[in-house]
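The values are calculated or read from the model by the stated rules, or taken from the named source; none is laboratory data. Predicted model, so just to flag it, every value in this text is computed and none were measured. Methodologically, a virtual Cβ is constructed for each residue, glycine included, from the backbone with ideal geometry; neighbour enumeration extends over all protein chains shown. Note: areas computed on protein heavy atoms with side chains; ligands, DNA, RNA excluded. Shrake-Rupley method; radii C 1.70, N 1.55, O 1.52, S 1.80 Å.
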Amino acid sequence: MRYIFLILCSALLLISCKEDVKNEGRNYSFYHWSTNFKPTDKTDQLIKHGGTFKEYVRFFDLVIDQNVDKVYPVATVQFEENTRFLATEIVPVIYIRNEVFLHKDGNGNNIQKLALNTADKIKRIQNKHLTGQVAVREIQIDCDWTDSTRDSFFTFLKSLKNQMPGYSISSTLRLHQVKYKDRTGVPPVDKVVLMAYNVGNLGSVEETNSILSNEITAQYLEELDEYPLPFDVALPLFEWGVLYRDGKLKGLLRDLTPSLLESAFAKAEKENNYTATSDSYINGIFIYKGDHVRVETITKDKLEELAAMIKEAAPSDRDYQTIYYHINTLLTSKFSYDDLSSFAK
């Protein structure tokens with residue numbers, strides 16, 4: 001019996017080692033984009049199987065309040081009392097609309113104040129909900145800056161770094177900012193996250209899938225191996241309905257389940273396109289009879305192809321982390337843990 005027991009132990013140890021080798025370098029993380037931070041069994045399992053125990057949590061947005069003509073934080077994350085964290089590290093993410101850096105509060109002498117106010121709000125949330133529970137080592141800024149806002153945005157990043165010594169500062173990076181880095185500039189941060197999605201023309205009713213188009217993405221990856229900063233990669237794990245009225249974009253229908261779709265829409269001739277059969281109210285948006293919706297989603301084959309393209313384009317010696325956007329979407333249920341692991345670097 002003792003001999004058999006030793007054999008079994010050896011076999012289990014061997015299997016464990018093989019699993020470690022198999023999963024080496026295949027860990028992944030998630031963005032948490034919902035305003036309410038409410039862990040569930042499902043999200044806990046996603047964090048657990050991701051292996052990094054690291055979660056990128058949207059803390060708040062910075063937008064222009066037109067009523068008072070000032071830049072204000074909105075959509076501040078709400079933590080429940082005694083929130084439990086399976087993740088051991090949280091990365092606060094601040095989304096900043098590009099027009100903020102065209103406003104008087106986001107350029108000139110006011111940038112320093114904007115950075116100070118941003119840092120103060122991050123610290124207040126951290127001290128109230130995270131200190132003593134999870135590590136916070138990095139702050140990420142999500143902004144699709146343009147040629148006209150680049151200088152102000154870069155100055156903001158430098159100011160934020162000064163306001164938060166000891167923290168790593170990262171920013172998001174769009175594909176065009178990789179290909180045209182000489183024109184768009186390289187942000188003064190420690191690391192960037194390449195957002196490998198939302199590449200199509202959302203405003204066009206003729207678009208087929210604005211979230212993911214590997215044909216378009218391929219055109220922007222040629223310069224990835226020369227990008228001068230360390231980078232991670234964000235892959236899409238969400239879907240939505242794009243609503244048009246009289247050929248013009250009217251909004252996005254999120255969490256559009258098949259039952260909701262069938263209740264108000266009929267299939268159109270074009271694949272994944274539907275026409276509203278009656279007036280209705282879906283997920284906070286009023287739908288008029290005759291409105292047009294295009295359902296955009298992510299398939300396993302397309303996501304696998306996208307991940308392979310990025311791996312091929314990245315330098316062979318460049319190690320990067322895969323982050324899925326985002327953990328609060330119904331689409332996560334359509335992919336197995338093995339799928340998510342296989343797409344990761």
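Quick notes
- Meets criteria (of a type outside the set (A, V, I, L, M), at pLDDT below 95 and either under 23 Å from the mean Cα position of the chain (by Cα) or buried (at least 17 other Cβ atoms within 10 Å of the Cβ) (or both)) for Arg254: yes
- Val186 touching a helix residue (DSSP H, G or I) at 6+ places or on another chain (Cβ under 6 Å), under 30 Å from Glu304 (Cα atoms) and open to solvent by 20 Å² or more (accessible area, probe 1.4 Å): no
- Checking Ser213, Ser204 one by one, the residue that is over 23 Å from Leu116 (Cβ atoms), without any contact (Cβ under 8 Å) to a residue 24 or more places away in the chain and buried (at least 19 other Cβ atoms within 10 Å of the Cβ) is Ser213 and no other.
- Hey, Ala276 touching a helix residue (DSSP H, G or I) at 6+ places or on another chain (Cβ under 8 Å), over 20 Å from Ile298 (Cβ atoms) and crowded, with 18+ Cβ neighbours inside 10 Å or not: yes
- Here Ser263 meets each of (1) without any contact (Cβ under 8 Å) to a residue 60 or more places away in the chain; (2) at negative phi; (3) open to solvent by less than 50 Å² (accessible area, probe 1.4 Å) with one exception, condition (3).
- Matching option when the condition is aromatic (Phe, Trp, Tyr), at pLDDT below 95 and more than 26 Å from Gln219 (Cβ to Cβ), among Tyr281, Tyr274, Tyr288: Tyr281
- Within segment 291-322, considering residues that are in a loop (DSSP other than H, G, I, E, B) and without any contact (Cβ under 8 Å) to a residue 40 or more places away in the chain, the one least open to solvent (accessible area, probe 1.4 Å): Thr299
- All positions within segment 25-38 that are on the phi < 0 side of the Ramachandran plot and open to solvent by 30 Å² or more (accessible area, probe 1.4 Å): Arg26, Asn27, Trp33, Ser34, Thr35, Asn36, Lys38
- Pick from segment 323-334, criterion of a type outside the set (D, E, K, R) and open to solvent by 20 Å² or more (accessible area, probe 1.4 Å), ranking: farthest from Trp33 (Cα to Cα): Ser333
- Residues of segment 131-182 that are surrounded by fewer than 17 Cβ atoms within 10 Å (Cβ to Cβ), in a helix (DSSP H, G or I) and out of contact with any helix residue (DSSP H, G or I) (no Cβ under 9 Å at 6 or more places or on another chain): Asp182 alone.
- Sub-6 Å Cβ pairs linking a first residue in segment 239-252 that is under 9 Å from Glu296 (Cβ atoms) to a second residue that is charged (D, E, K, R) and open to solvent by 40 Å² or more (accessible area, probe 1.4 Å), at least 6 apart or interchain, are Trp240/Arg254, ordered by first then second residue.
- Out of Lys191, Lys128, Lys121, sole residue that is open to solvent by 50 Å² or more (accessible area, probe 1.4 Å) and modelled with pLDDT of 95 or more: Lys128
- In segment 41-73, the residues that are open to solvent by 60 Å² or more (accessible area, probe 1.4 Å) and more than 19 Å from Phe343 (Cα to Cα): Asp41, Lys42, Gln66, Asn67, Val68, Asp69, Lys70, Tyr72
- Hey, Thr172 modelled with pLDDT under 95 and either among the polar types (S, T, N, Q) or closer than 20 Å to Ser29 by Cβ (or both) or not: no
- Subset of segment 74-97 [out of contact with any helix residue (DSSP H, G or I) (no Cβ under 8 Å at 6 or more places or on another chain) and either surrounded by fewer than 16 Cβ atoms within 10 Å (Cβ to Cβ) or among the basic types (Lys, Arg) (or both)]: Val74, Ala75, Gln78, Glu80, Glu81, Asn82, Arg84, Thr88, Arg97
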